[in-house]
1. When DSSP beta bridges are limited to those with both residues in the chain, what percentage is antiparallel, rounded to the nearest 5?
2. Take the Cβ-Cβ distance between ASP276 and ASP228 as r, set R0 to 51 Å, and report the resulting FRET efficiency rounded to the nearest 0.05.
3. ASP166 to GLU42: extension gain in nm, 0.36 nm per residue of separation minus the Cα-Cα distance?
4. Step through the residues of the stretch 63-76 one at a time and calculate ³J(HN,Hα) from phi using the Karplus curve (6.51 cos²θ - 1.76 cosθ + 1.60, θ = phi - 60°), rounding each to whole Hz and writing x for Gly and Pro.
5. Given the C-alpha centroids of the stretch 149-205 and the stretch 210-258, what is the distance between them in whole angstrom?
6. Report the accessible area of GLU46, computed with a 1.4 Å probe over the heavy atoms of all protein chains in place, in Å² rounded to the nearest 10.
7. Could you work out the relative contact order of the stretch 160-236? I mean the mean sequence separation of Cα pairs under 8 Å and 6+ apart, divided by the number of residues, in percent.
8. Taking the highest mean first, how do the peptides 32-45, 161-174 order by number of other beta carbon atoms within 10 angstrom per residue?
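The values are calculated or read from the model by the stated rules, or taken from the named source; none is laboratory data. Note that the structure is a prediction, hence the values are computed from the model and not measured. Methodologically, a virtual Cβ is constructed for each residue, glycine included, from the backbone with ideal geometry; neighbour enumeration extends over all protein chains shown. Surface areas here come from the heavy atoms of the whole protein model, side chains and all, with no ligands, DNA or RNA. Shrake-Rupley method; radii C 1.70, N 1.55, O 1.52, S 1.80 Å.
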Amino acid sequence: MQFQQLVYFVAVAETRHFTRAAEREHVAQPSLSQQIKALERELGAELFSRARGNIALTDAGEALLPLARRILADADTARLEVQELAQLRRGRVRLGATPSVCTGLLPAVLRAFHTAHPGIELLIEESGSLDLVRELARGVLDLALIALPLPPSAPALTTVELLTEDLVVVSSADLPPPAGGGEPSIADLRGEPMVMFRHGYDLRDLTVGACRAAGFEPVFTVEGGEMDAVLGFVRAGLGIAVVPAMVVDHAGPGLRATRLAGSPLRRTIALAHRTDVAPPRAARELKRMLVGD
């Protein structure tokens, strides 16, 4: 099995097309096809079903794909680690973060990091914690700022707690406050129309779980949005949402934040990376700045 064969295999698996995969990898299509066939002979199994021109992964291909992605990601990390100069003059960091952290915590830290290491490329992926955990497992990210606790299905990750943030109810400033004003409890939100995040956001699971613990199912008027979309829908009066308090500080006018009475909702943000692979040197330096070691 050759490294380049895995590169071509992943390209075909992701494009579902031999010609487009060859164009992506800047290789002639016959050469790519020959390498795929050689890989199949080596493994003793077909990796793709080619019926009527449609390209689909076989069971063997499905089994190989996550392993191949892991191998390529680890090799890429090793290459970058070797190429980095002693003074961190070049390199890159692939950092994932939840939207609230991107707007609240990261700007100042990334500015300080860029000032100290201007040659380091910063690649930021903004998404929900569940998605970021999956990206860490795939080797797509070096570090991620995620919400704890980790889901039961999470891979082996090393985490360092950074902060605990309060969650608040956000509503349109043009409408009456939720539950008649004051500081409502979660139970007081029964029947309130809600704008809900898409699957993959820990805020979705946390909000739904809190409502069910209070004895009711939340009512969604709109669901499936990212953070900016959710805030926009709330601003337009489509419903309320539960978001981190730090998001409201950067959300602009038109929104009202209401703290929850009783046992307030909170979440803990941690910096995470894969336990089985050490982050590249530039990522370790960013980790040091975030953690404050």
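1. Beta bridges within the chain, antiparallel portion: roughly 60 percent.
2. Details: r = 34 Å, r/R0 = 0.68.
The calculated FRET efficiency here is 0.90.
3. Working: separation 124, 0.36 × 124 = 44.64 nm, distance 5.44 nm.
This chain segment gains 39.2 nm when fully extended.
4. Values per residue, Gly and Pro as x: 6, 6, 4, x, 5, 5, 4, 5, 4, 5, 5, 5, 5, 5 Hz.
5. Taking the Cα centre of the stretch 210-258 as reference, the centre of the stretch 149-205 is 8 Å away.
6. In the full protein context, GLU46 sits at about 120 Å².
7. Worked out over the stretch 160-236, it gives 34 percent.
8. With the highest mean Cβ count within 10 Å placed first, the list reads 161-174, 32-45.
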